[in-house]
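The values are calculated or read from the model by the stated rules, or taken from the named source; none is laboratory data. Remember, predicted model here, so these are calculated numbers, not experimental data. Reconstructed Cβ throughout: ideal geometry from the backbone, glycine too, with neighbour counts over all protein chains shown.
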Amino acid sequence: MLDVIKNNKGENIDYTFHYGSLKNRYLLIVGHGLTGDKDHSLVTEISENVAKEGMSVLRFSFSGNGESEGRFEESTISKGIDDLQAILNTATEQGWRSIYAGYDIGSTIGVLTATIDSRIQLLISLAGIVNTHTFSQSEFGGFSANTGYMWNDPKFPLSLEFVNDMQQIESLLPRASSVDIPWLLVHGKIDNIVPVTDVHSLLFNFENSRELIEIDDADHQFSGDAINTLSESVINWLGRKLQIN
């Protein structure tokens, strides 16, 4: 089990550790999506199923989300990268070989971290956001001059700072070209939040290192039986890649 994990602002990162086999030193780190946390049903399901197969798993809440310290209003993709690197620091110090799986915006954070941090040895994107600028425009609408926040939702007050961060990143495509580790992308064919066609652009010229699995009748949340197909796809891919490595 890992120690207390703090980001570079000194905020505690809340996490749950699932033990796998003591002989397996790979650690799957799982990050959640927008307005979620480590206890999101998809994150929990993936984590528990992978741990049953013998790999240890750490699922966590980004700062400002769930029980992690920090303010939700200060949550941005860039801050999420700092959170993930704090986890990688501790995992590496304790001898773990890190694999990262991210859902939704957690995928975006993972991809951008992998472009600057070689400690991520395998990468998994689940319904990942590729075009952050387009996503912010379609999902968040306009900025509220009255509250200073997006959505006018007191529980999830997405800030202008968050939206600006997404728009400045604009798209994963230019940076993702530097990701040369094995990369699994799993997407629902009927995802109406992040079209699967967005993901197709990440495969061009990387067919040997990247694999896309499209799940029929799966929406953005992998509702219903799709979550079982998602778990099986992740477990099978990990098994294949770790036999090779």
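Summary table
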quantity: Subset tally (residues that are in contact (Cβ under 8 Å) with a residue 60 or more places away in the chain and of a type in the set (Ser, Thr, Tyr)) for the range 19-58; calculated: 3
quantity: Flag for SER75 being buried (at least 17 other Cβ atoms within 10 Å of the Cβ) and farther than 23 Å from THR115 by Cβ; calculated: no
quantity: Inter-residue pairs, beta-carbon under 8 Å, first on the phi > 0 side of the Ramachandran plot and hydrophobic (A, V, I, L, M, F, W, C) and in the range 195-208, second surrounded by fewer than 10 Cβ atoms within 10 Å (Cβ to Cβ) and assigned to a helix (DSSP H, G or I), 6+ apart; calculated: none
quantity: Index of the failed condition, LEU88 passing every other in (1) within 13 Å of the chain's Cα centre (by Cα); (2) farther than 23 Å from HIS187 by Cα; (3) among the aliphatic types (A, V, I, L, M); calculated: (1)
quantity: So GLY106, is it closer than 22 Å to LEU172 by Cβ and not hydroxyl-bearing (Ser, Thr, Tyr); calculated: yes
quantity: Subset of the range 73-117 [touching a Lys or Arg at 6+ places or on another chain (Cβ under 7 Å) and among the polar types (S, T, N, Q)]; calculated: THR92, SER98, THR115
quantity: Among the residues listed as GLU161, GLU170, the single one being at pLDDT below 95, of a type in the set (Asp, Glu) and touching an Asp or Glu at 6+ places or on another chain (Cβ under 9 Å); calculated: GLU161
quantity: Filter result for the condition that a residue is touching a residue at least 40 places away in the same chain (Cβ under 8 Å) and more than 27 Å from THR132 (Cα to Cα), over ASP3, ASP14, ASP104, ASP82; calculated: ASP3
quantity: Subset of the range 166-180 [under 16 Å from SER107 (Cβ atoms), assigned to a helix (DSSP H, G or I) and not small (Gly, Ala, Ser)]; calculated: MET166, ILE169, LEU173, ARG175
quantity: First in the range 62-74 and of a type in the set (Phe, Trp, Tyr), second anywhere and in a helix (DSSP H, G or I), Cβ under 7 Å, 6 or more apart; calculated: PHE62/GLY80; PHE62/ASP83
quantity: Strands (runs of 3 or more DSSP E) enclosed by the range 1-116 - at least 3 residues per element that are of a type outside the set (S, T, N, Q) and touching a Cys at 6+ places or on another chain (Cβ under 8 Å); calculated: none
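Per-residue answers, yes or no, for (1) loosely packed, with under 14 Cβ neighbours inside 10 Å; (2) more than 17 Å from the chain's Cα centre (by Cα); (3) over 23 Å from GLY239 (Cα atoms); (4) at pLDDT below 90:
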{"residue": "GLY142", "(1), (2), (3), (4)": "yes, yes, yes, yes"}
{"residue": "ARG175", "(1), (2), (3), (4)": "no, no, yes, no"}
{"residue": "PRO182", "(1), (2), (3), (4)": "no, no, no, no"}
{"residue": "PHE206", "(1), (2), (3), (4)": "no, yes, no, no"}
